[in-house]
Structures are given as C-alpha cells and as structure tokens.
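Take a look at the structure set out below.
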Amino acid sequence: MRLTSGAAGHATIILNRPDETPKGLHPLNLSTYTDTRLFSRLLRQAKPYWPHIAGIFLLGLLATPLMLLAPLPLKIAVDSVVGSSPLPGFMEPVTPDWLSGSTIRLLGLAAGLQVMVVLFSQLHELCGHVLRARAGEGMMLEFRSALFRHVQRLSLLFHDTRGTADSLYRIQYDAPAIRDITVNSIISLLSAAVMLVATLVVITRLDWQLALVALAVCPFLFVFARTYNLRMRPRYREVRGMESSALQVVQEVLSAFRVVKAFGREDREQDRFVAQSQVGVRARIRLSLAEGTFGLLVNMTTAIGTAAVLFIGIRNVQAGVLSLGELLMVLAYLTQLYNPLRTISRQVANLQSSLASAERAFQLLDEIPDVTDRPSARSLKRAAGELRFSGVTFAYGENTPVLQDVSFCIAPGTRLGIEGRTGAGKSTLVSLASRFYDPRDGEILLDGVDLRDYKLVDLRNQMAIVLQDPVLFSTSIAENIGYGRPGAEFSQIVEAAQAANVHEFIAGLPDGYDTAVGERGMMLSGGERQRIALARAFLKDAPILILDEPTSAVDMTTEAGIMEAMERLMVGRTTLMIAHRISTLDICDARIELEHGRIISASGKVDSAPNVSILQIEG
C-alpha cells in the first residue's frame, strides 16, 4: 500500500505485493587472532605511549647492573674480610690503600655497598612503578574510549542481538589487557631476557661448567611453556564468556528491579546469579590448577638445576677450582639467573589470559556497524519533511520479516497516525525512519533522497523523538532538556519547558532546573518525565517528529496536558505518531494501520487537514 502526494498536495494510497525474501544479518565476528597479529595491533594501539614504554624498558635495563652488584658485598665480606683474598679485580684500581688495608674498613665498605645497592634498587623500582602507572592507565583509558566510541557506532540491531552486558564486560574488564601486555608482560620479558644474558655471561666467566649445568634446564622450561600456551588460551576465552554471562544477570535484574521486587523474585534471581557465577568459578578453579601445575613444574626444574650446580660447585671448591666466596657468588647469581627464567615462564603464562582478553576486545572493535555513512554521503541542514517508504521489508536476523513491502508517502508537515496491534511493526517502522536500522529491501526517502545518502549526524539532527518510556539521564532537569541542543542558553531551556507545560512544576522544586532526576529519571513521575522529554523535543526544533506512544503510561488528566503540548510541538512538522488508543490519533491528518508487518488500511481526515485526502485505493 502506498500513500503518495498527488495534485495540490493531496495523498494517494496504492496497495502493492510484498517481497518475501528479507536479507539476513551479517554473521558476528568470532574469528581468532594469531599472537603476531595481536601484538601488532596492540603496539599500534599503544603508539602514543611508545616513549613511555621505551623509558620503562631503559629502566628495566638499569636493573641488570644493580642485580649484578647485589652479591658483591657478600663476596667482599666472605673472601676479603673473613678470608684473605684480594678485592675483585675491577675494584682494586678504584679502592684507596687506606681502605683496603684494614678488615674493619673493608667490612664497612661491604656494608656501605649493601646499603647503596638497596637504595638505588628501591629508587629504580619507584621510578618504574610511577612510569608504568602513567603509561598503563593512559593506554587503558584510550583503549576503553575507542571501544566505547565504536560501541556507540554499532546499530541497534547489534545491541538487540548481543545484549549490552557482553559489550560492557569487554570495555571494562577486557580492555586492561593492553596495559597488562605492553607495560607488564612485554617489558618484563625483555628485561628478563637482558638480565638472563648478563647473568649467564658473569657465571660463565666464573665457572663455565656451572653455567652449562645451569642452562641444562632451559629446554624443559621451553617445552612446559609451549604446552601451556597451546592449551590455556581457549580456556581463558571460555572463562571470560562465563563471567560476561554472570554480569548480564546482574544488569538485567538491576534494570528491572521494580519488577523483581513486585513479584518477590529476589531469591530466584540470586540463585540464577550464583548458578551462572558458579560455572565461571569452577572454570577458574580449573585454570588455577593448571597455573599451579605449571608453576610447580617450573620451580622443580629450576630447583633441580640449583641442586646440580651446588653439588658440582662444592666439588670444585674442594678441588681448589673455586673459592668459597666465588661459589656463594655463583649461587647468588644462579638465583638471579633462574629469576628471569621464572619471570619469562610466568609472563608467558600470564600472557595467555591477557591475550584472550585482547582478542575479545578486538573482536568487539572489529564489528562492522550496520548503519554507516556512505562514502558520498551528503550534508543536510534542514529537511522539508517529505517522507516516503518504498517497498520496505525488514527482519531481525533470519526471522520472519517484521515489515513486508511497506510503501507510503507523506507530504511535509503531515501528521501521520500509525495504529495496529502489539507486534504489528509500528515501532520498527519509526525506527527505520530514524535510521536506527536499515531496511533489508526497499528504500526510505527524505525529500526524495535515500536516508542512506545523508550523513548520519545530519539526518539525526532532523528528528526529535519522544518515546513511550522517556529516557532521562542521571543529571539535572536543565541538562536533560538541554540534551536536545548542546550549548543552548538557559533562557531557551526555560522557553522549551514552558512550551511543554512543565515550567511551573520545575519552578516549584527546591532546586528548580538544577534538580537531579535520579537514575533514568526515577525521582520523577511518568507524566513529569514525559513532559521533560517533550521539552527536549521542543528545544531541538527538528522538522520531523516521532512520537512512540507518548501518553500510554499516564492518566487521562496528565494525557490532556501532554496532548496539548504535543499539538503545539507538531505545528509545521512532519509527524509519525504511534498510539494504542485510537482517540489519541484524532489530531492526525492521515492514518495507516499495520497488521503482521503490512499496511492493511489507510485513511485521511479532510476536515482537520484540507490538503490531505484519499484519492485512490487499489488492491
């Protein structure tokens, strides 16, 4: 059926045959990523913080000489104070004779060196901690902002299909992976590798046989880490999904808290949350067992290496190849050697959890928005308001079409009433007019141009929307009204409130326009919220007005006041109005009735709108 403009601004209604072949939804992006691709994307995402990362890495390199100096005071105390060996070769040229000639002074030197090493180590740790916090928190905020910006670009179809809890989990809990990987894991791995090489060089210079023995455990550690990596990534992804499902239960309950309270279902919802969470808890316990087993294998392997070095080292001391101080120094360095190995193994294990989170975050970031600007999209300052649906078919996913071959056209300034039973497709129709979704077939034209050929921001500026359940934000009344026009003067906000018959109510509040409305406006009544939403629409002053059952949840007295305000708001604007009560649509110039996604009847009121009449109906 088509309601089109005829001669002298009249309208024509023509019935058409539907097209039963809707297009399906694009599949969700569930692909996995290789480690190389993930690291590459993470580094690109962290590009603004590369100088910070370089600074953290350089600080990590400074940890190596501090680590190598740590066993030196012990060697001096054992070999040169308790024993009679000279100072280490590199210290003799820089140590005054008066200091090296007395064991008491040498002991003081060893104690002083110990204090200095600890002091510089702590200063190094403090600088590293601050720099890590600055870089990590900054990167995490930017990554979260990018995800949040992208989530807002995704269409309602995506959010209707996936829900919001999963996106919330990825933004809040998966996004920190960029900090954990780039600042903690990668820097720790590189620093540990440098420290490992430096320690190995020192041990080799002291006793190359002990160095070989110490390195004999490395292949085993590599095999353990490789096996762990291959098995754990899918498990971490699974756990993240389970935790996201538990968060969804919380979000659903808090969003419908009045319903839960009204039906006394708190215990049932508690049980549902616990049951969903327990699935994740059991998975977490299994992960902890695997992590603990991996740590046990790593520590036992390094313990075997240490025992072998101790056995061979004692034999070398007995054979006169090493001094006792040198053996103690080797054992101290061995601890320093195995610490980087443990760090590398531990970070490789932690990486699997972080990479699983990064993968999930990038999956969200890679979702392609259903509703986007075309490359050649045109600007639109203010529309005249002619709206045409031409063969529009739409379905949510692969389901039965909600709208089937809907066709009509209304002239600028026409008030079109849309009626029909619940589920007939009324709200879907106005959502398509707002381009919250794009039709599967057909096109919607505004002033003769396909909506998809306009820039989205300009198109949305042409429309003011008042919903059945008005959406207010947890800010002041003035900010909620001003949401319709950013930067509006206070006098303009007051003027809009007066037009919506809500100024007197606001002025009577203790804080007036500064009154906080509470979460979703729940500190106000339904009628008050609706009038504030109307004031917001007045302030926006858009040429197209969409009213989705704006009076269905208020009493008759309140409805009369809202209807009076709406009539003023409709003047000179193309209006699409949905209502269940047929009498509410009496102010409309023309009507269409939907049933099962099709227009089954249409009519016009000549007396209230002389320029609109039904010229022809064909079937």
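The values are calculated or read from the model by the stated rules, or taken from the named source; none is laboratory data. All values derive from a computational prediction rather than experimental measurement. Cβ sites come from the backbone with ideal geometry, for glycine too, and all protein chains shown count toward neighbours.
Go through region 243-288 and count every residue that is more than 14 Å from ALA165 (Cβ to Cβ) and not in a helix (DSSP H, G or I).
3
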Checking SER277 against (1) surrounded by 17 or more Cβ atoms within 10 Å (Cβ to Cβ); (2) without any contact (Cβ under 8 Å) to a residue 24 or more places away in the chain, only one condition comes out false. Which one? (2)
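Quickly run through region 479-508 and pick out the residues that are among the hydroxyl-bearing types (Ser, Thr, Tyr) and in a helix (DSSP H, G or I).
Keep residues of region 479-508 that are among the hydroxyl-bearing types (Ser, Thr, Tyr), which gives 483, 491.
Selection gives SER491 alone.
Any chance you could count how many residues in region 560-582 are of a type outside the set (Lys, Arg) and surrounded by fewer than 20 Cβ atoms within 10 Å (Cβ to Cβ)?
Narrowing region 560-582 to residues of a type outside the set (Lys, Arg): 560-567, 569-572, 574-580, 582.
From the residues that got through so far, the ones that are surrounded by fewer than 20 Cβ atoms within 10 Å (Cβ to Cβ) too are 560-561, 563-564, 567, 570-572, 580, 582.
Residues in region 560-582 being of a type outside the set (Lys, Arg) and surrounded by fewer than 20 Cβ atoms within 10 Å (Cβ to Cβ): 10 in total.
Yes or no, residue by residue, for (1) at pLDDT 85 or above; (2) crowded, with 20+ Cβ neighbours inside 10 Å; (3) within 24 Å of GLN347 (Cα to Cα):
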site	(1), (2), (3)
GLN114	no, no, no
VAL117	no, no, no
LEU126	yes, no, yes
ALA135	yes, yes, yes
ARG162	no, no, no
SER167	yes, yes, no
ASP174	yes, yes, yes
THR199	no, yes, yes
I'd like to check which helices (runs of 4 or more DSSP H) are fully inside region 124-217 and have at least 2 residues that are out of contact with any helix residue (DSSP H, G or I) (no Cβ under 6 Å at 6 or more places or on another chain). 156-162, 187-206, 208-215
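Within the group ARG378, ARG388, which residue is basic (Lys, Arg), modelled with pLDDT of 90 or more and surrounded by 19 or more Cβ atoms within 10 Å (Cβ to Cβ)? Please lay out each step first, then the result.
Values: ARG378 fails: surrounded by 19 or more Cβ atoms within 10 Å (Cβ to Cβ).
The unique qualifying residue is ARG388.
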Checking VAL466 against (1) at pLDDT 90 or above; (2) crowded, with 21+ Cβ neighbours inside 10 Å; (3) not small (Gly, Ala, Ser), only one condition comes out false. Which one? (1)
The one condition ARG460 fails out of (1) free of Cβ contacts under 8 Å to residues at least 60 places away in the same chain; (2) more than 28 Å from the chain's Cα centre (by Cα); (3) surrounded by fewer than 20 Cβ atoms within 10 Å (Cβ to Cβ) is (2)
Condition (residue is at pLDDT 90 or above and among the hydroxyl-bearing types (Ser, Thr, Tyr)) applied to region 436-447: is it met by at least one residue? no
Apart from one, (1) assigned to a loop (DSSP other than H, G, I, E, B); (2) at positive phi all hold for ARG520; the odd one out is (1)
Can you confirm whether region 463-477 contains a residue that is under 27 Å from the mean Cα position of the chain (by Cα), outside any loop (DSSP other than H, G, I, E, B) and over 27 Å from ILE600 (Cα atoms)? yes
So which of LEU210, LEU247, LEU287 is modelled with pLDDT of 75 or more, more than 24 Å from VAL348 (Cα to Cα) and buried (at least 17 other Cβ atoms within 10 Å of the Cβ)? LEU247
